[in-house]
Every structure is written in structure tokens, then in C-alpha cells.
Amino acid sequence: MAFSAPDGTGQGNDDLAEINIIPLVDVMLVLLIIFMVAAPLSLSGLQVDLPHSKAKGVAATEANVILTVSKEGGYFFEKNRVSAADLTIKLKAMFENKPEKQLFIRADRSVDYGVVVDAMSAARLAGIKKMAMLTQPPKTSQSQLEGSKKG
């Protein structure tokens with residue numbers, strides 16, 4: 001036996017039976033903190049200046065597929081760039097096994113209208129029936145807020 005007592009009886013291995021889990025807990029807590037800090041940074045995606053809208057809309061969740069159209073007219077899923085030629089193929093592959101085919105489009109307010117129409121056309125060719133444009137809620141000033149509270 002590898003853990004036997006010097007006298008060969010096998011007695012006295014009580015100290016070796018305990019596992020020290022404090023270093024394991026320390027490592028797990030550090031990993032937890034790293035992921036808690038890094039997760040919000042990875043969710044932001046590309047920075048686009050969304051147009052404002054006064055109408056109430058539907059909020060997009062993490063499970064939704066969001067196509068971002070950058071200021072330069074590039075197409076992105078999260079931070080992965082997709083060429084205009086491959087957009088329909090990529091959309092077909094992404095929605096192949098999804099029962100509800102709904103695409104959310106985040107387009108920069110200064111992007112050319114034709115680029116957004118091309119993205120919507122590619123989505124329609126991929127079999128996506130529902131599309132929604134993501135916007136920012138309207139900017140409200142302090143005087144507008146006070147006026148709505150009085151009325």
C-alpha cells in the first residue's frame with residue numbers, strides 16, 4: 001500500500017484522508033468574479049447610434065437573433081462580420097431549426113437606407129417572416145417629466 005503506516009498495519013492514515021478544498025474554493029471564486037466582470041462587456045456588441053422612437057416597442061432578449069448594421073454599412077451578428085453576399089446563407093443556417101423566425105435589426109441612424117433594405121431582403125429570402133427595428137426610447141427632459149406628472 002502506498003499510504004500505509006511505517007509499521008505496515010495500515011493504521012494512521014487519518015491525516016491523508018482529508019482533502020484541502022480551500023484552494024479550490026479560492027480558484028472558483030476568482031473565476032466567478034472574472035466571468036461576472038467579463039460577461040457584460042461581451043454582450044454590448046458593436047457601438048451603433050440607434051434612432052429615437054416615440055412608439056413603445058418590444059424589447060429584444062439574449063435569445064433573439066440581432067443583426068447589426070454598422071455606420072459603414074457592414075453586417076454583424078454580435079461581433080462577427082458577415083458579407084452582404086453571405087447574409088442570406090448565414091440567416092438560413094441560423095434560423096433553420098428555430099420554430100419562430102423573428103429577426104431584430106439594429107441599424108445605425110446614419111447608415112444608408114438601401115443597406116437596411118438589402119438586409120431585410122436577405123432575411124425575407126432566408127424565410128424570415130417577422131422583422132423588427134431596434135430603436136432607443138425618446139429623450140425626455142426634466143421639464144417634460146414634471147409636466148407629465150402635473151397633468
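Give the residues of the range 124-136 that are surrounded by 12 or more Cβ atoms within 10 Å (Cβ to Cβ) and more than 20 Å from the chain's Cα centre (by Cα), sorted by residue number.
Within the range 124-136, the first condition is being surrounded by 12 or more Cβ atoms within 10 Å (Cβ to Cβ), and the residues that meet it are 124-128, 131-135.
Result: Arg124, Leu125, Ala126, Gly127, Ile128.
Among the residues of the range 93-118, what is the count of those that are assigned to a helix (DSSP H, G or I) and over 20 Å from the mean Cα position of the chain (by Cα)?
Going through the range 93-118, the residues assigned to a helix (DSSP H, G or I) turn out to be 93-95, 113-118.
In the following step, the residues that additionally are over 20 Å from the mean Cα position of the chain (by Cα) were identified as 113-118.
Qualifying residue count, the range 93-118: 6.
Can you give me the number of residues within the range 73-88 that are in contact (Cβ under 8 Å) with a residue 24 or more places away in the chain and not basic (Lys, Arg)?
Taking the range 73-88 as the starting set, the residues that turn out to be in contact (Cβ under 8 Å) with a residue 24 or more places away in the chain are 73, 75-76, 78-79, 84, 87-88.
Subsequent filtering for residues that are not basic (Lys, Arg) retains 73, 75-76, 78, 84, 87-88.
Residues in the range 73-88 being in contact (Cβ under 8 Å) with a residue 24 or more places away in the chain and not basic (Lys, Arg): 7 in total.
Quick check on the range 62-92: of everything there that is hydrophobic (A, V, I, L, M, F, W, C) and under 15 Å from the mean Cα position of the chain (by Cα), which residue is modelled with the lowest pLDDT?
Of the residues in the range 62-92, the ones hydrophobic (A, V, I, L, M, F, W, C) are 63, 65-67, 69, 76-77, 82, 84-85, 87, 89, 91.
This time we only want the ones that are under 15 Å from the mean Cα position of the chain (by Cα), so: 63, 65-67, 76-77.
Values: Ala63: 70, Val65: 85, Ile66: 87, Leu67: 89, Phe76: 90, Phe77: 85.
It comes out as Ala63.
The values are calculated or read from the model by the stated rules, or taken from the named source; none is laboratory data. Keep in mind that this is a model prediction, so the values were computed, not measured. Note: ideal-geometry Cβ built from the backbone for every residue, glycine included; neighbour counts use all protein chains shown.
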